Amino acid sequence: HELRTPLALMQAQLELFSVEHPDVRPETAEFLTLLREQTERLTQMTKTLLEMSNLQSVSRSDEIELAPLIDEILTDLTTLAEQKNITFHQNCEDICMIGSDTLIYRLLFNLIENAIKYNHAGGSVTVSMQQENHQVLLHIADTGCGISEEYRESIFQPFFRVDKSRSRQMGGVGLGLALVKEIAVLHGGSVCVESSSEEGTTFAVRLPLNGEKTE
Ligand code: ATP
Ligand code: MG
């Protein structure tokens, strides 16, 4: 909260200044845009960091119907997918698990968002889900550029991004996968890059159905 209030104020002041001074010199306009972009980045980062620092306190006793949750995420990501002409495929059994609704939404959203963001135009994203013993096994597969072997662990670290310039132009701060990992571990599960090549990447997520940590 203490972090967000001054940031929100800065953003509002910047917006206001731009509206009230529409005919500033081009250099000033450019400078203002830069300031606005950077404040927006800082706001996003703060939001995710706050989410991450608060994870332990979130209740994990919701009954989550995973198939409808995935439908919801795909709907929320339609605009992003349409911009790149990405098609979705789904192969999901209907599975119910115990956990935090909001956090599992966030986990899957971040993975599917990446699968769209780092895909080629006209590519596809496939989400599949099955039950295995007392776990749910999810696969998020894309037809994107792939992740080279040396980065397959580091991408889960906060602020790590493979191609800084390309990533910056796509927005985001490099906290998406760190959050995915935190949430998976918090639910007693795991996440990893199952396979990756120039043809695309598949992430695998394992989560216990009962939301308890298993040995
Ligand atoms: P944010 O998620 O915070 O908006 P981000 O997408 O850059 O930003 P992460 O989701 O943590 O951050 O991903 C880290 C990096 O891993 C990305 O910058 C990208 O380089 C790489 N990456 C993630 N998912 C994929 C993918 N499906 N295919 C190729 N590269 C990926
Ligand atoms: Mg991301």
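The values are calculated or read from the model by the stated rules, or taken from the named source; none is laboratory data. Quantities reported herein were computed from a predicted structural model and do not represent experimental measurements. In this analysis, Cβ positions are derived from the backbone assuming ideal geometry, glycine residues included, and neighbour counts consider all displayed protein chains. Remember, those area values only see protein heavy atoms, side chains included, never the ligands or the DNA or RNA. Shrake-Rupley method; radii C 1.70, N 1.55, O 1.52, S 1.80 Å.
Before I look further, what does the chain give for accessible area per residue, probe 1.4 Å, in whole square angstrom?
Numbers: 12260 Å² over 215 residues.
Normalised by residue count, the accessible surface of the chain is 57 Å².
How large is the translational diffusion coefficient of the stretch 53-114 in µm² per second when you combine the Kirkwood radius over alpha carbon pairs with Stokes-Einstein at 37 °C and 0.692 mPa s? Let's see the in-between values first.
Working: Rh = 12.7 Å.
Using the Kirkwood radius from Cα pairs, D works out to 258 µm²/s.
What are the aspartates and glutamates whose alpha-carbon lies under 18 Å from the alpha-carbon of Lys164, with same-chain residues fewer than 8 places away excluded? Partners within reach: Glu37, Glu40, Glu113, Glu149, Glu150, Glu153.
Could you work out the helix-only [θ] at 222 nm for the chain, with each DSSP H run of four or more residues adding -39,500 (n - 2.57) and the total divided by the number of residues, to the nearest 500 deg cm²/dmol?
Values: 7 runs with 96 residues, N = 215.
Rounded to the nearest 500, the figure is -14500 deg cm²/dmol.
Can you give the local net charge around Thr48? Use residues other than it whose beta-carbon is closer than 15 angstrom to its beta-carbon, Lys and Arg +1, Asp and Glu -1. Walk me through the numbers before you get to the answer.
On the way: positive: Arg4, Arg41, Lys47, Arg106, Arg161, Lys181; negative: Glu40, Glu51, Glu113, Glu182.
Cβ neighbours under 15 Å give a net charge of +2.
The peptide list 78-89, 42-53, 176-187, put in order of mean Cβ contacts within 10 Å with the highest first, becomes 176-187, 42-53, 78-89.
Over the chain, the reciprocal of the mean inverse Cα-Cα separation, the Kirkwood hydrodynamic radius, stands at 18.8 Å. By the equivalent-ellipsoid construction on the alpha carbon gyration tensor, the stretch 66-184 comes out with semi-axes of 23, 18, 13 Å, ordered largest to smallest.
Add +1 for every Lys or Arg and -1 for every Asp or Glu among the other residues with Cβ under 15 Å from the Cβ of Phe109, and state the total. Mind showing how you got there, number by number?
Values: positive: Lys47, Arg106, Lys117, Lys181; negative: Glu51, Asp71, Glu72, Asp76, Asp101, Glu113, Asp142, Glu182.
My count for the surroundings of Phe109 gives -4.
Share of carbon and sulfur in the accessible area of the stretch 93-155 stands at 45%, probe radius 1.4 Å.
Over the C-alpha atoms of the stretch 21-94, the Rg to Rh ratio, Rh being the Kirkwood estimate, stands at 1.18.
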